[in-house]
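The values are calculated or read from the model by the stated rules, or taken from the named source; none is laboratory data. Everything numeric here is computed off the predicted structure, so don't read it as measured data. FYI the Cβ positions are ideal-geometry reconstructions off the backbone, even for glycines, and counts take in every protein chain you see. To get the accessible areas, we keep the full protein, side chains included, count just its heavy atoms, and leave off ligands, DNA and RNA. Shrake-Rupley method; radii C 1.70, N 1.55, O 1.52, S 1.80 Å.
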Amino acid sequence: FPDNYMQTGGDELLLDCWNRVTSITNWMNQNNIPNLVALEQYFEDNLDKILSTNKKTKMVWEEVFKNGVKILPNTIVEVWSNASLAQLIVDAGLPTIIAHPWYLDKQIPDPPSTHYEWVDTWKDFYAFEPSTAVTRNFNLYLGGEAAMWAEQVDQVNFDSRVWPRACAPAERLWSAQGVTDVDYATTRLVAHRCRMAQRGVGAGPIATDYCPLPQKS
């Protein structure tokens, strides 16, 4: 489905790798690009033009901000490392969302907390209070995103890795600060997981329950 936003990446970029490729450094010299940050700026500026032509709002990962690239004021900067960076981003006048508390691929999302059952990591996702990420310039703090990375995930196990655990950050992002009771959430999440499974989503159980599923023909 069409979306107004395009996440263009920019994370974990090893700028020095560009410096080791002769064809890149020659091109930089020919085009009067003085350093690697300026080269990244050139790249991001061209992305801005492409996205503007296609009427898309740009999203980037935090490294683009941290590297000192000049970012258009409507660009959303996504934080994956820690909450304190979100405050720096909004203080710089840029909108932000956070992902760092809700990495669905992590076995231990909140060290040193761990669980016998890996699915119980949803409780760690549920425990994070989104409002603590910033203390001022709230108008630029747009929310958050649960992220699943694909090193050990494909079409075979995607549903069961994402659902129903992604419901935990969804509820915290959409609910009042006082909605924090894990036991009450467990009851509702068990029921919601069943609804998802009955609709054909491969959502795995978070606890022992009875969920009548449609008979396969």
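Assorted remarks:
- Residue in segment 26-33 that is part of a helix (DSSP H, G or I), hydrophobic (A, V, I, L, M, F, W, C) and surrounded by 15 or more Cβ atoms within 10 Å (Cβ to Cβ) present: yes
- Inspection of segment 123-134 identifies no residue that is closer than 19 Å to ALA170 by Cα, without any contact (Cβ under 8 Å) to a residue 40 or more places away in the chain and basic (Lys, Arg).
- Hey, GLU63 in a helix (DSSP H, G or I) and within 15 Å of the chain's Cα centre (by Cα) or not: yes
- Qualifying residue in segment 7-17 (condition: surrounded by fewer than 14 Cβ atoms within 10 Å (Cβ to Cβ) and over 25 Å from the mean Cα position of the chain (by Cα)): yes
- Checked against (1) touching a residue at least 60 places away in the same chain (Cβ under 8 Å); (2) exposed (fewer than 12 other Cβ atoms within 10 Å of the Cβ), ALA176 passes all but a single condition, namely (1).
- Single unsatisfied condition, GLN155 versus (1) open to solvent by 50 Å² or more (accessible area, probe 1.4 Å); (2) under 24 Å from TYR184 (Cα atoms); (3) free of Cβ contacts under 8 Å to residues at least 40 places away in the same chain: (2)
- The residue list ASP183, ASP209 contains one member that is of a type in the set (Asp, Glu), open to solvent by 40 Å² or more (accessible area, probe 1.4 Å) and in a loop (DSSP other than H, G, I, E, B), which is ASP209.
- Residue pairs meeting the criteria (Cβ under 8 Å; at least 6 apart or on separate chains; first at pLDDT 95 or above, in segment 74-93; second small (Gly, Ala, Ser)): GLU78/ALA99; VAL79/ALA86; VAL79/ALA99; VAL79/ALA133; TRP80/ALA99; TRP80/ALA147; ALA86/ALA133; GLN87/ALA133
- Qualifying residue in segment 64-78 (condition: surrounded by fewer than 16 Cβ atoms within 10 Å (Cβ to Cβ) and either closer than 23 Å to ARG172 by Cβ or touching a strand residue (DSSP E or B) at 6+ places or on another chain (Cβ under 8 Å) (or both)): yes
- Evaluation of ARG195 against (1) more than 23 Å from GLY143 (Cβ to Cβ); (2) surrounded by 14 or more Cβ atoms within 10 Å (Cβ to Cβ); (3) among the basic types (Lys, Arg) (one fails), failing number: (2)
- Count - residues of segment 132-179 that are over 16 Å from the mean Cα position of the chain (by Cα), hydroxyl-bearing (Ser, Thr, Tyr) and closer than 24 Å to VAL60 by Cα: 2
- For segment 90-114, taking the residues that are outside any loop (DSSP other than H, G, I, E, B) and open to solvent by 10 Å² or more (accessible area, probe 1.4 Å), the one that is nearest to ALA168 (Cα to Cα) is identified as TYR103.
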